[in-house]
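What follows is a single structure, written as structure tokens, with notes after it.
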Amino acid sequence: MMRLDIQVQPIRPNMTAPPVSEVIIIEEIQVDDENDEKGVIALVCINRPNKLNALNSDIVSGLKAMCSWAESQNEIRLVIIKGAEPLLPEEGKRAKPNAFVAGADISEFTGKKSDDIRQSFKDNAWEAIWNLSKPTIAMIDGFTLGGGLEVACSCDIRMASSRSKFGTPEISLGLIPGGGGTQRLSHLIGYGKALELVLSGEMLSANEALKVGLVNHVYEPEELLEATLKLARGIASKSPHTLKIGKKVVRASLELPISEGVALEAEEFAQLFDTEDKEIGVEAFLNRTNPNWKGK
Ligand code: COA
């Protein structure tokens, strides 16, 4: 399979520079190659390949900064999060495995007590990703464990390569997931399967993860980027305002009794009839043209 050449666009004049650091690298990809008015996708790379992209405090603060930035930039239509690929091994050493993120950085747990953890987990990166109003996709190629699985679960959609592995191994450290994993996992794969993962620390293969609904799609590694960008571009080409409302209303189903959720949906649906984008979308369909969204 062909590897896709990503067009990395320079930072646009009307965009604030992204909070790029050594451990968080952000590339911009145009939603529509032929029309730079259609906004951009932020491709965010967690870059610590020698430690399987384990989440140390620099990555956690980088992800939080990335989320505030992505939320504030009108041009950003969607965020994809991925882990850096392994580097070439030093001579005589074995190659590191592929990883999305192999968890929180365990070395930062040494000597920590509850007060330290409460402090450092306040306003954490998982909630920052979860609370983004724009669509998010985790592009997963390799180990996705502990806090890494929680990053993936905080995203709206999970696209995985066939060599990926998923699990919550915290139990082997005398811990449980702490970044929303027990809750978001239960919603995604059901109470019974979530408990099995949390209590056993066992890993799921990509196909098992697909079967239980943990990931949306599985591709061969060399097809993953192309498939992810295709889905991302399809989503990002819709009205940014309507996307936000769609995400908000589906998300509400996690917390509201069904009667309240249905009422919320009916109200949001009605309010969309007062937006310019509803007029634009309906007219474009009837005239067989492409909609030029206003985002309101
Ligand atoms: N935190 C800190 N460092 C980590 C890490 C983590 N969560 N996961 C991997 N690393 C580091 C290893 O210490 C190693 O560093 P080194 O080469 O400097 O010694 C490097 O990443 C490569 O990992 P390694 O264990 O040698 O790779 P492997 O192929 O033998 O095993 C895993 C891969 C994923 C099975 C193994 O790394 C692992 O179990 N990681 C921890 C997973 C975990 O418990 N996550 C939940 C944390 S809350």
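Values quoted throughout were computed directly from the atomic coordinates according to the rules given, and no laboratory measurement underlies them. In this text, all values refer to a predicted model and were calculated from it rather than measured experimentally. When we count neighbours, we look across all protein chains shown, and the Cβ atoms used for this are built from the backbone with ideal geometry, even at glycine.
For ASP58 and SER133 in one chain, what is 0.36 nm times their gap in residues minus the Cα-Cα distance, to one decimal in nm? Provide the component values of the computation, followed by the final result.
Values: separation 75, 0.36 × 75 = 27.00 nm, distance 2.35 nm.
The ASP58-SER133 span can extend by a further 24.6 nm.
Using only C-alpha positions, report the orientation-averaged shadow area of the convex hull of the stretch 8-236, nm², one decimal. Please report the intermediate quantities before stating the final value.
Details: hull surface 52.5 nm².
Averaged projected area of the stretch 8-236's Cα convex hull equals 13.1 nm².
What's the center-to-center distance, using Cα atoms, between the stretch 162-183 and the stretch 72-101 in Å?
Each part's Cα centre sits 19 Å from the other's.
How far is it, in nm, from the label point at HIS187 to the one at ASP123 when both lie 7 Å from their Cα along the line to the Cβ?
2.2 nm
Could you tell me which of ASN216, VAL151, PHE166 has its Cα farthest along the dipole of the stretch 121-279 towards the positive end, charges placed at Cβ (Lys, Arg +1; Asp, Glu -1), taken about the Cα centre?
With unit charges placed on the Cβ atoms, the residue in question is PHE166.
Which one, VAL249, ALA263, THR275, projects farthest toward the positive side of the charge dipole computed for the stretch 240-287 from Cβ point charges (K/R +1, D/E -1)?
Checking the options against the dipole of the stretch 240-287, the answer is VAL249.
Among ASP36, ASP105, which comes first, then next, by fewest other beta-carbon atoms within 10 Å? Numbers along the way, then the final one.
Numbers: ASP36 13, ASP105 19.
So the ranking, lowest neighbour count to highest, is ASP36, ASP105.
Using the Cα gyration tensor of the stretch 149-296, with a ≥ b ≥ c the square roots of its eigenvalues, what is the shape: rounded (a/c below 1.5), prolate (a/b larger than b/c) or oblate (neither)? Before the final figure, lay out the partial values.
Working: a/c = 3.32, a/b = 1.66, b/c = 2.00.
Taking the square roots of the gyration eigenvalues as a ≥ b ≥ c, the stretch 149-296 is oblate.
Rounded, prolate or oblate, given the Cα gyration tensor of the stretch 112-183, with a/c below 1.5 counting as rounded?
Working: a/c = 2.99, a/b = 1.27, b/c = 2.34.
Note, shape of the stretch 112-183 comes out oblate.
Specify which residue in the list SER107, ALA84, ILE46 is farthest towards the positive end of the charge dipole of the stretch 8-236, using unit charges on the beta carbon of Lys, Arg (+1) and Asp, Glu (-1), about the Cα centre.
Projecting each Cα onto the dipole axis, the largest value belongs to SER107.
Using a simple charge model, +1 on the beta-carbon of Lys and Arg, -1 on the beta-carbon of Asp and Glu, nothing else, what dipole does the chain show about its Cα centre, in debye to the nearest 20? Intermediate values should be presented prior to the final figure.
On the way: 33 positive and 42 negative charges, 97 e Å.
The calculated dipole for the chain is roughly 460 debye.
Taking other Cβ within 10 Å of each residue's Cβ, how do HIS241, HIS187 sort, fewest first?
Working: HIS241 17, HIS187 12.
The fewest-first ordering by Cβ neighbours comes to HIS187, HIS241.
Against the longest alpha carbon principal axis of the chain, how many degrees, from 0 to 90 and to the nearest 10, is the axis of helix 258-272 turned?
For 258-272 against the chain, the angle is about 50 degrees.
Between LYS248 and PHE285, what length in nm is gained on full extension when 0.36 nm per residue of separation is reduced by their alpha carbon distance? Walk me through the numbers on the way to the answer.
On the way: separation 37, 0.36 × 37 = 13.32 nm, distance 2.48 nm.
Result for the pair: 10.8 nm of gain on full extension.
What nm value, rounded to one decimal, do you get for the distance between LEU88 and ILE25 when each label is placed 7 Å out toward the C-beta?
Using points 7 Å along Cα→Cβ, the separation is 1.5 nm.
What value, in deg cm²/dmol to 500, does the helix sum -39500 (n - 2.57) over DSSP H runs of n ≥ 4 give at 222 nm once divided by the residues of the chain? List each step's numbers first, then the result.
Numbers: 11 runs with 119 residues, N = 296.
Using -39500 (n - 2.57) per qualifying helix, the result is -12000 deg cm²/dmol.
Between their Cα atoms, which of LYS122/LYS211; LYS82/LYS122; LYS93/LYS230; LYS64/LYS112; LYS51/LYS122; LYS122/LYS296 are more than 27 Å away from each other?
Numbers: LYS122/LYS211 33 Å; LYS82/LYS122 24 Å; LYS93/LYS230 37 Å; LYS64/LYS112 22 Å; LYS51/LYS122 24 Å; LYS122/LYS296 33 Å.
Among LYS122/LYS211; LYS82/LYS122; LYS93/LYS230; LYS64/LYS112; LYS51/LYS122; LYS122/LYS296, the Cα-Cα distance tops 27 Å for LYS122/LYS211; LYS93/LYS230; LYS122/LYS296.
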